[in-house]
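A quick write-up on the structure given underneath.
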Amino acid sequence: MTETLPVLISIPHGGTKRPPELEGEGRLCITRRDQFDDSDPFTAEIYDLGGAVAKVVKAEIARAYVDLNRSVTMMPPEYPDGLIKSATCYGRPIYARGREPGPRLSEELIRRHYAPYYSEIEKACAKDGRLQLCLDCHSMAAIAPPAGNNSGQNEDRQESRPLFCLSNLDGRTCPGGHMERLARCMAESFGIGREDISLNRPFKGGHITESFGLRGPLPWIQIEMNRSLYLDGRWFDRSSLDMDRTRLAELNRMFRDALAGFFDCGA
């Protein structure tokens, strides 16, 4: 594949950094492992196709501190797993007691780390005439976390999840034919059955897909990859959080081939 694919890829939950605004003064109590579990680990390595696509927008700040796939209305205490969190999706504390960000600090975090992400997507969609498809790319735990019903993701509770979930808000952000074609191409590229890829279940699409997809005219699809495809003992050491990078490179290639097949089929 030599041509640049006309795709924008958003990777909002793959960041690993802490915002400098939160450092010092004993504010944070979250552990490295809890931050890892709250993120979409290694999704930057899996989904970032570099120059093979028209645009990649990816987060640097970890989801535990600023969740880019949440509305500005989703704030604690009503939404502890909201934009600025008080706890991880597994209920683990992020801040020392009484040290959670107040309104001023929350506004600063939004201004510096949330708004620029949306602005970058906005500019790319408005100015890059090559774009034909936008993908908001995530990973999902094999079993839904406790916060699954309160995350704004429209998730149904169930014991296990499919290998992939593709979402378009029940047809509102992307034509159904695009979804089905992408599902078939991903099944072929990843060597799995079409039945292993669900549509709009357990996720219907998050805030990024909704915000940009409902505006049109570009189609938006949210992709969720089951972490069992890489956070498995064959490739991942849970005690050290070390990952076999060859597996990530393999998944990256499969993802690239799936998108190439999508456009070869007539997108």
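Put +1 on the Cβ of each Lys and Arg and -1 on the Cβ of each Asp and Glu in the chain; which of I192, T31, S239 then has its Cα farthest toward the positive end of the dipole?
Farthest towards the positive end: T31.
Sorting L229, L8 on the 10 Å Cβ count, fewest up front, what's the list?
Starting with the residue having the fewest Cβ neighbours, the order is L229, L8.
Considering only DSSP beta bridges whose two residues both sit in the chain, what percent are antiparallel, to the nearest 5? Don't skip to the end; give the middle numbers.
Values: 8 of 28 bridges.
So the antiparallel bridges amount to about 30 percent of the total.
Going by C-beta contacts inside 10 Å, put C137, C265 in order with the fewest on the left. Spell out each step's value before the answer.
Details: C137 25, C265 11.
Final ranking by Cβ density, sparse to dense: C265, C137.
Kirkwood hydrodynamic radius (Cα pairs, Å) of the stretch 5-264?
Value: 18.6 Å, from the Cα pair sum.
Per-residue counts of other Cβ atoms within 10 Å, averaged by peptide: what ranking do you get for 240-248, 57-65, highest first?
Working: 240-248: 12.9, 57-65: 21.6.
So the peptides 240-248, 57-65, ranked by packing, come out 57-65, 240-248.
Restrict the search to the stretch 75-147; then list the chymotrypsin sites (Phe, Trp or Tyr not before Pro) that DSSP places in a loop and that have at most 11 other Cβ atoms within 10 Å of their Cβ.
none
Measure nothing fancy, just the Cα-based angle from helix 176-190's long axis to the longest principal axis of the chain, in degrees from 0 to 90, nearest 10.
For helix 176-190, the angle is close to 90 degrees.
How large is the charge dipole for the chain, taken about the Cα centre, if only the Cβ atoms of Lys, Arg (+1) and Asp, Glu (-1) carry charge, to the nearest 20 debye?
About 320 debye.
Quick check on my link table: of K55/K204; K85/K127; K17/K204, which ones sit more than 26 Å apart, alpha carbon to alpha carbon?
From the list (K55/K204; K85/K127; K17/K204), the Cα-Cα distance tops 26 Å for K85/K127; K17/K204.
Taking the Cα centroid of the stretch 32-91 and of the stretch 158-195, what is the distance between the two, rounded to the nearest whole Å?
For the stretch 32-91 versus the stretch 158-195, the Cα centre distance is 22 Å.
All of the numbers you see were taken from the coordinates with simple rules; none came from a lab. In this text the structure is predicted, and so the values were computed from the model without any measurement. Positions of Cβ are backbone-derived with ideal geometry, glycine not excepted, and every protein chain shown enters the neighbour counts.
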